[in-house]
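First comes the structure, then the notes that go with it.
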Amino acid sequence: MITDKFSGQVAIITGAGQGIGFEIAKQLSLAGADLLLNDLSEELAVQASDTINGLGGNCYPIAGDASDIDFIQQMVDEAVQRYGKLTIAVANAGITLFGDFLNYPAQSLQSVMNVNLQGSFFLAQRAARQIVKQKSGGSILFMSSVTGHQAHQDLAAYGMTKAALEMLAKSLVVELSQHQITVNTVAPGATLTERTMEDAGYQKTWARITPMGRAATVEDVANAVLFLVSPDARHITGQNLVVDGGWTAVSTSPY
């Protein structure tokens, strides 16, 4: 259902060609936001934007590497040029490269750090600069993970970056609150996406070990994101919202 809750808002969502990012983009746009939708794949970015526009949203695709600082600035400039301002930035782009710690290659670590941390850090920085210039206030959101809270096999590097994003959100409270910019994180647990459903046993395994009896849907995660970047959460900042059906409370291993 189309609403106007985000009418007058302009958002950038990275890594939004499919999965959680796409659902966030769809819900934001259908709630009234003008949207710049990023994905590394041009095909996915265009397809996702066409789908959202076909539903009645207002979405423009921009393909490129969300870890590249010059491209991040290009996205901010494009949003301002196209829509006149920027008020919301969701750093959703991230990569997961599994590997045991004792043999984890430097190249994999650098790739995970570049996308998950560098991309998120500089999207927040460049978006915040624009929002400060506008004197309008706004919201920044990082996509964390339950693996930033609980150890998970072969995800030491990934979990480290997600925990770091939660600390970054807390740190930015000190610098950005005076500009009426909120900074929060959402930490999804097991979530049913195009990627995770490639594992034939994923849904059954996580339904068994999640207290609520199922893995999250992309809608579950997007609902949390929309709340934290909405006017309803203007006095919430530096916080992390876990969306995992209670899994971190029990931390039952999927292995």
- Query: When we measure straight from the Cα of LYS204, which aspartates and glutamates land under 16 angstrom away, once same-chain ones fewer than 8 places off are left out?
  - Reply: GLU194, ASP244
- Task: In a Gaussian network model over the chain where Cα atoms closer than 10 Å are linked, find which of SER67, SER230, SER29 has the largest mean-square fluctuation.
- Result: SER230
- Task: Treating cross-link reach as a plain straight distance, find the lysines whose alpha-carbon is under 19 Å from the alpha-carbon of LYS135, omitting any fewer than eight places away in the same chain.
- Result: LYS85
- Message: If you build the convex hull over the alpha carbons only and average its shadow over all orientations, what do you get for the chain? Give it in nm² to one decimal.
- Response: 13.2 nm²
- Task: Excluding residues on the same chain fewer than 8 positions from LYS5, give the aspartates and glutamates whose Cα lies under 13 Å from its Cα.
- Result: ASP34, ASP232
- Accessible area per residue, Å², the stretch 61-208 with all protein chains present, probe 1.4 Å: 48 Å²
- Item | For the stretch 138-249, diffusion coefficient by Stokes-Einstein and Kirkwood Rh (Cα), 25 °C, 0.890 mPa s, µm²/s | 167 µm²/s
- Query: Relative contact order for the stretch 32-135: what is it in percent, counting Cα pairs under 8 Å that are at least 6 residues apart?
  - Reply: 27 percent
- Rounded percent of accessible protein surface that carbon and sulfur make up, the chain, 1.4 Å probe: 52 percent
- Scoring the stretch 100-206 by relative contact order with C-alpha pairs under 8 Å, at least six apart, yields a percentage of 29 percent
- In percent, how large is the relative contact order of the chain, given Cα pairs closer than 8 Å and 6 or more residues apart? 17 percent
- Query: Which of rounded, prolate, oblate describes the stretch 42-138, given a ≥ b ≥ c as roots of the alpha-carbon gyration tensor eigenvalues and a/c under 1.5 marking rounded, otherwise prolate only if a/b is larger than b/c?
  - Reply: oblate
- Check every DSSP H run in the chain and write down those whose alpha carbon atoms cover 15 angstrom or more along the long axis and whose mean Kyte-Doolittle hydropathy is -0.5 or greater. 19-30, 42-54, 69-83, 120-134, 156-176, 218-228
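The values are calculated or read from the model by the stated rules, or taken from the named source; none is laboratory data. Since the structure is predicted, the reported quantities are computational estimates derived from the model, not experimental observations. The accessibility values were calculated without ligands, DNA or RNA, using every heavy atom of the protein model including side chains. Shrake-Rupley method; radii C 1.70, N 1.55, O 1.52, S 1.80 Å.
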